[in-house]
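**Student:** Below is the structure I would like to discuss, written out as structure tokens.
Bear in mind that the values in this text are calculations on the coordinates, not laboratory data. Since we're looking at a predicted model, the values are computed, not measured. Cβ placement follows ideal geometry from the backbone for every residue including glycine, while neighbour counts extend to all protein chains displayed.
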Amino acid sequence: MKTLLPEAGALERATTYRDKKIKTLFTQVKNKIAAMAAQVKELAEEVEKWKHKYQEIKQAYNRVQRQLDTVCEEKQQLSELVTQTLAQDENTGIQVYIGDETPVKTMKDCSVVTATYELGEGMKGTIGIIGPKRMDYEHVMKTLKTLQSELDAIYNKEPKE
């Protein structure tokens with residue numbers, strides 16, 4: 001941007017030229033620079049807010065990712081527990097895993113109660129309940145036995161006593 005200084009008038013003194021023309025021009029330039037500096041400051045503050053928000057979102061995403069990883073790991077471990085239970089021929093009834101007995105380390109304060117049932121033709125299924133270590137085991141086992149009997153009845157098997 002090319003700006004030309006105003007021309008001095010005929011027989012105009014330097015102080016008059018400075019006071020009337022140059023001072024106002026410099027004042028305008030100074031005010032424009034100050035306004036632009038204020039805008040830069042506002043934009044810098046806005047950028048910092050967005051950086052902070054981005055960091056919060058990134059941290060939240062990382063937390064959720066860790067939780068999902070944990071859930072997937074626990075699901076895999078529970079799946080392995082069920083698979084191991086099904087693989088053992090003597091485990092045709094109800095199995096109880098309390099606290100540290102469960103292979104899922106993050107569930108050390110929980111219990112897992114499973115019941116295996118026959119589907120016929122050599123196939124088995126497992127149902128389970130996950131709860132606190134201090135749950136009503138008698139009620140849970142009664143519920144699982146009832147459910148196990150109903151599933152066996154659905155697949156035309158004799159109910160287990």
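**Student:** Could you compute the net charge surrounding Ile57? Neighbours are other residues with a C-beta less than 13 Å from the C-beta of Ile57; K and R count +1, D and E count -1.
**Tutor:** Numbers: positive: Lys49, Lys51, Lys53, Lys58, Arg63; negative: Glu56.
Summing Lys/Arg as +1 and Asp/Glu as -1 gives +4.
**Student:** Run the simple label-point estimate for Val29 and Lys53 please: 7 Å along Cα→C-beta, distance reported in nm.
**Tutor:** 3.8
**Student:** Okay, moving on. Taking Lys32 as the anchor, which lysines have their alpha carbon closer than 30 Å to its alpha carbon, excluding any fewer than eight residues away along the same chain?
**Tutor:** Lys2, Lys20, Lys21, Lys23, Lys41, Lys49, Lys51
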